[in-house]
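Beneath this line is the structure, given in structure tokens, with notes to follow.
The values are calculated or read from the model by the stated rules, or taken from the named source; none is laboratory data. Everything numeric here is computed off the predicted structure, so don't read it as measured data. Here the Cβ is made from the backbone with ideal geometry for all residues, glycine too, and neighbour counts use every protein chain on show.
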């Protein structure tokens, strides 16, 4: 889909932010399945809507990142491996943090925050096209990158 949008002249924003919404919407059927499975009651509807919104949110966020990876690296392996890793790991389970004592809670929350900060800080440098075999720029990312010797 990225190649098709790129050939159609779509902007990077449309590709990075618009296309993953399709990926996210493709997971909304899980909410409907929950609604049917739970007996089509009002409570089932509420639960289904919550499930659908949560899945839409995290699949769209992941889709943004995977599309960004592909556009930056022109490498299909990067988003595929990332998708496999994320499917294997799942969402972070923060439900058990409350069972730890206060000092451990601080360390756990600090680790989450440091991890998020490092992720954001390293996202662009670690996806430089030069690291993935293209010394000048990505096929899709028009920003020319200085090659590293």
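Within the stretch 117-133, is there a residue that is at pLDDT 80 or above, surrounded by 10 or more Cβ atoms within 10 Å (Cβ to Cβ) and outside any helix (DSSP H, G or I)?
So far as the stretch 117-133 goes, yes, one or more of its residues are at pLDDT 80 or above, surrounded by 10 or more Cβ atoms within 10 Å (Cβ to Cβ) and outside any helix (DSSP H, G or I).
Which helices (runs of 4 or more DSSP H) sit wholly inside the stretch 1-113 and have at least 2 residues that are more than 30 Å from residue 127 (Cβ to Cβ)?
Details: elements: 2-7, 19-25, 29-37, 42-73, 77-89.
Counting at least 2 such residues, we get 29-37, 42-73.
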